[in-house]
Amino acid sequence: MGFSYSIPEVARMCRGEVSAGNTASTTLSAVVTDSRAHHIPPGAVFFALRGERHDGHNYIPELLRNGIECIVAETDPPLTGLPHATGWITTDDTLKSLQRWATEHRKQFEVPVVAITGSNGKTIVKEWLSQLMAPDKTVCKSPLSYNSQVGVPLSVLQLSHSHQIGLFEAGISQHGEMESLNTIISPTIGVFTGIGASHDENFSSRVEKALEKFNLFKGCRDVVCFTDGEAFSLLQQEAKKQGFAPFTIGPEPWANLRVNLPHIDDRTETATATFRGNTFTITFPYTDYASKRNALLCLATMVLLGYDAEQSARQLTTLEQVAMRMEQVEGINGTVIINDSYNNDLIALHIALENLQHNKAREKKCLILSDIFQSGLSDSELIKQVAELINRYQPGKFIGVGPMMLKLRGSINTQAWFYEETRHFLRYHPFSVFSDEVILLKGARKFRFEQIKDALERQSHNTVLEINLGAIIHNLNYFRSIVPSGTRIMAMVKASSYGSGNFEVANVLQYHQVDYLGVAFADEGVELRKAGIRLPIMVMSPERGSFNTIIEHRLEPELYSFMVLSDFVRALDHHNTGTTAPFPVHIEVNTGMHRLGFDAEGITQLIDQLNSTPAINVKSVFSHLATAGDVSDHSFARQQIDLFNNIREQFLSTLKCTKPPMFHILNSDGIIHFPEACYDMVRPGIGLYGFVADAGARMALRQTGKLRSVVSQLRTIEGGETVGYNRSFTAQSRTTVATVAIGYADGFNRKLGNGNYHVSIHGVAAPVIGNVCMDMIMVDVSHIPHVAEGDEVIIFDENNPPTIMAETLGTIPYEVLTSIPSRVKRVFLSE
């Protein structure tokens with residue numbers, strides 16, 4: 001962080017009161033808002049923030065045990081148990097106090113500050129501006145996508161006197177949020193990327209949302225914007241009210257940066273621009289339309305800050321892609337590779353090391369780190385802080401790459417290697433030492449760590465299923481937002497998390513504090529236990545032969561018949577559990593699904609048997625809705641819920657237990673359609689991946705998977721020639737055929753051939769022609785310009801979701817996702 005304050009100083013800026021602690025000699029230099037942090041840095045202050053589902057005050061005792069030096073809370077300090085040296089600041093609102101502190105901190109700096117907002121592109125514009133300015137300015141910028149009510153103050157607190165400019169992004173999700181962010185950032189220049197559909201559901205109209213975003217620009221001198229957006233006229237009106245000047249990009253003669261926007265599309269490589277009568281050529285760094293607009297916003301901002309227009313335009317070609325998500329893939333020798341090239345600064349290194357500690361894919365950890373540039377610190381101070389971070393988190397191995405990293409020799413308390421250049425590492429490092437560990441790659445662009453990733457990654461064929469873990473958490477939070485407070489969450493991760501990857505999804509769900517996991521079979525639960533998952537795990541289809549395994553790994557079986565109940569009790573009698581505590585089980589009752597479960601007529605007998613079986617503890621009683629996804633008729637589901645209510649009353653009145661069991665009946669669709677039946681716990685499954693029957697809920701959820709492949713070969717055939725097995729496609733005219741590296745062995749069903757499905761290349765639909773082969777399909781790309789071998793082919797993603805493929809096949813998305821075999825590599829992306 002960019003600060004060093006005493007506890008009384010922080011209390012004054014927070015408008016709080018020092019309630020306890022010997023504060024005279026304590027210097028605060030770091031902020032903690034997440035109690036799950038593995039390591040508490042020296043001089044850390046914890047803000048006990050309250051959220052919809054979590055309250056930081058509940059974790060204060062744990063943080064005190066871990067050595068936190070100061071607490072900011074909305075409660076008075078405890079009468080006992082507070083270490084003498086620990087400071088305690090009492091305040092009326094911890095979030096507002098954090099924001100007040102950041103506001104006061106910002107007032108100490110006169111440097112230009114650029115504030116960026118809009119529905120899309122904020123992070124890209126911020127990162128590209130940093131790339132353009134970094135050669136001659138020390139830049140303070142938001143880490144990652146820190147643009148929220150918490151993220152913005154944490155970003156601004158990084159500002160120090162070594163910085164020459166600040167770049168901060170600001171995002172909102174509802175009315176009334178932007179004013180506080182404006183106060184914290186106090187921008188001198190604004191950048192508006194545009195208005196889109198994001199968070200539409202929380203505003204009465206796009207106009208209301210745009211006006212809310214414009215609150216960021218109060219006090220700005222200028223605001224960079226396009227003239228063609230739907231919100232431009234509103235921005236002009238706000239400019240007159242607030243007193244800022246729009247710095248416009250557009251084709252109009254009066255535009256500050258004149259560019260013929262209507263002529264720019266995905267095929268445009270260059271454009272002509274005019275600034276102050278000087279006309280020059282812009283060469284765009286990337287082909288997609290969004291990147292071109294982001295590049296123009298960067299160019300206009302650079303010009304506004306006094307940079308030369310033509311020179312800045314030439315610099316656009318040097319812009320490198322911003323990895324918006326951390327990528328996790330399987331590596332050689334049982335390793336897992338985390339490619340985190342998003343940022344390479346001290347704050348980003350701290351965040352990455354914290355995430356590395358939370359990653360349970362492998363027990364051992366390795367960090368490969370390059371030199372860090374534009375830190376604003378002297379070399380000696382930077383080396384000192386890097387060494388402190390590495391020694392605090394103690395990865396099992398450390399590899400430093402770069403001249404500055406060589407200076408860390410003798411300072412790292414772990415096994416370490418050092419190389420002056422990436423090519424030296426690739427040539428001389430013994431790759432055999434990498435085995436069964438998580439390897440974090442954190443490299444500045446200059447060092448081309450993608451070469452290291454390619455060398456370490458396990459090679460497989462080119463079809464990949466990308467899983468966006470951030471989208472899964474977004475969907476989890478959606479379900480949390482619509483159930484009553486206190487309702488527990490059992491996340492279903494059966495069938496390898498619906499084809500997405502068992503451990504990786506379970507690990508991120510554990511980190512985000514779901515209460516239970518649900519698997520189908522015992523071996524799925526064992527796999528999670530071996531990978532370090534500690535959450536309670538319910539096994540929904542336990543087999544008698546797996547009972548010893550269930551007991552040994554402390555899994556919790558579903559018992560659904562008297563025979564299964566008796567068999568499991570016998571297994572407990574013959575198995576030394578090492579404890580006298582009753583073993584946790586879950587009872588399924590049949591309310592109309594007629595698949596598994598005790599029938600209503602046998603509940604009295606069941607409860608009698610449970611009461612006479614002290615070896616087991618009924619953790620929950622549950623059932624399944626047969627028609628939760630039927631949006632037109634809820635009558636049968638309500639019958640099931642009524643029957644479940646009656647069974648619940650029987651259990652509550654006659655089951656002898658020290659703690660009543662939990663009750664649950666709702667899956668993803670049930671949570672949406674029958675919120676009154678949430679009981680004690682709900683079981684979101686396929687909904688975590690973005691699939692529900694209700695159209696409104698689908699709009700609020702995000703698709704989590706992207707199945708992609710590549711063009712293996714291109715050829716042109718003449719009219720009358722045929723394609724594929726059985727010559728099922730005959731060209732009617734000259735046709736360009738692309739062969740794509742995916743087939744029915746990869747889950748691409750044979751019924752999708754012969755024009756029944758389209759893939760996407762360059763954003764254009766390409767029909768599948770001929771029969772689907774085991775490992776390949778052929779598609780018609782005659783109408784798509786500039787297709788080349790190696791180009792990406794999208795099988796499904798958020799724009800062409802798996803529901804379309806499922807409808808074509810006459811099935812459901814579950815089957816599409818779970819049909820993708822393990823030979824298709826999974827790549828996990830963390831936002």
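The values are calculated or read from the model by the stated rules, or taken from the named source; none is laboratory data. Since this is a predicted model, take the numbers as computed values, not measurements. Cβ: placed from backbone, ideal geometry, glycine included. Neighbour counts: every protein chain shown. Ligands, DNA and RNA are excluded from the accessible area calculation, which covers all protein heavy atoms including side chains. Shrake-Rupley method; radii C 1.70, N 1.55, O 1.52, S 1.80 Å.
Miscellaneous remarks
- Contact order relative to length of the stretch 68-132, as percent, for alpha carbon pairs under 8 angstrom and 6 or more apart: 25 percent
- Qualifying trypsin sites (Lys or Arg not before Pro) in the stretch 103-157, DSSP loop, other Cβ atoms within 10 Å at most 14: K107
- Highest mean first, the peptides 623-630, 245-252 sorted by other C-beta atoms within 10 Å per residue fall in the order 623-630, 245-252.
- Cα-only Debye scattering, the stretch 487-576: base-10 log of I(q)/I(0) at q = 0.23, 0.25 Å⁻¹: -1.08, -1.21
- Here the chain is assigned +1 on the Cβ of each Lys and Arg and -1 on the Cβ of each Asp and Glu. Its dipole about the Cα centre then comes out at about 1340 debye.
- Gap separating the Cα centres of the stretch 343-395 and the stretch 630-656, nearest whole Å: 53 Å
- T281 versus N611: modelled label distance in nm, points set 7 Å from Cα along the beta carbon direction: 8.9 nm
- Positive-end ranking of C657, T627, I603 along the dipole of the stretch 598-667, with charges on Cβ about the Cα centre, is headed by C657.
- Placing R0 at 56 angstrom, the Cβ-Cβ distance between V631 and K364 gives a FRET efficiency of 0.70 after rounding to 0.05.
- Förster-model FRET efficiency, 25 Å R0, K530 and N391, C-beta, rounded to 0.05: 0.25
- For the chain, there are no membrane-span-like helices by this rule, meaning no whole DSSP H stretch whose C-alpha atoms cover at least 27 Å of axis and whose Kyte-Doolittle mean is 0.0 or above; this says nothing about an actual membrane.
- Comparing N754, T735, S155 along the charge dipole axis of the chain, the residue lying farthest to the positive side is S155, per the Cβ-charge model.
- Distance in nm between pseudo-label sites at K446 and T580 (7 Å out along the Cβ direction from Cα): 6.8 nm
- Under a model in which nothing but the beta-carbon of Lys, Arg (+1) and Asp, Glu (-1) is charged, the stretch 520-662 shows a dipole of about 520 debye around its Cα centre.
- Sites D136 and H39, calculated FRET efficiency, Cβ-Cβ separation with R0 35 Å, nearest 0.05: 0.50
- Rg over Rh for the stretch 403-520 works out to 1.11, using Cα positions for both radii and the Kirkwood form for Rh.
- Neighbour-limited loop hits for trypsin sites (Lys or Arg not before Pro), the stretch 256-322 (at most 10 other Cβ within 10 Å; DSSP other than H, G, I, E, B): R267, R276
- Charge dipole of the stretch 236-304 (Cα centre as origin; +1 on each Lys and Arg Cβ, -1 on each Asp and Glu Cβ, all else neutral): 280 debye, rounded to the nearest 20.
- When the convex hull of its Cα atoms is projected in every direction, mean area for the stretch 545-591 (nm²): 3.4 nm²
- Violating pairs (Cα-Cα greater than 22 angstrom) within the set K141/K364; K122/K446; K365/K442; K141/K446: K141/K364; K122/K446
- Derived value for the chain: Kirkwood hydrodynamic radius 29.8 Å. Basis is the mean of 1/r over every pair of different alpha-carbon atoms.
- Looking at the stretch 502-539, the trypsin sites (Lys or Arg not before Pro) that sit in a DSSP loop and have at most 10 other Cβ atoms within 10 Å of their own Cβ are R534.
- Taking all protein chains together and a 1.4 Å probe, the residues Y814, Y428 rank Y428, Y814 from largest to smallest accessible area.
- Between the C-alpha center of the stretch 400-431 and that of the stretch 73-137 there is a gap of 34 Å.
- Cross-link reach list, aspartates and glutamates versus K407, counting only Cα pairs under 20 Å and skipping chain neighbours closer than eight places: D345, D371, D379, E381, E388, E420, E421
- Considering the stretch 1-120 at the alpha-carbon level, its Rg and Dmax are found to be 14.8, 49 Å.
- Alpha carbon centroid spacing (whole Å) that separates the stretch 552-600 from the stretch 740-764: 44 Å
- Modelled label positions at R727 and F562, each set 7 Å beyond Cα in the direction of Cβ, lie 6.7 nm from each other.
- Surface exposure of the chain, expressed per residue as accessible area with a 1.4 Å probe, stands at 42 Å².
- Zone of N202's modelled label, taken as backbone nitrogen in the stretch 31-56 under 13 Å from a point 7 Å along Cα→Cβ: 52
- Beyond 19 Å in Cα-Cα separation lie the following of the pairs K126/K453; K218/K240; K494/K530; K360/K397: K126/K453.
- Rounded to 5, the percent of DSSP beta bridges in the chain classed as antiparallel: 40 percent
- Rounded percent of accessible protein surface that carbon and sulfur make up, the chain, 1.4 Å probe: 47 percent
- Ligands, DNA and RNA aside, E330 has an accessible area near 90 Å² when probed at 1.4 Å.
- Computed per residue of the chain from DSSP H runs no shorter than four, each worth -39500 (n - 2.57), the mean residue ellipticity at 222 nm is -9000 deg cm²/dmol.
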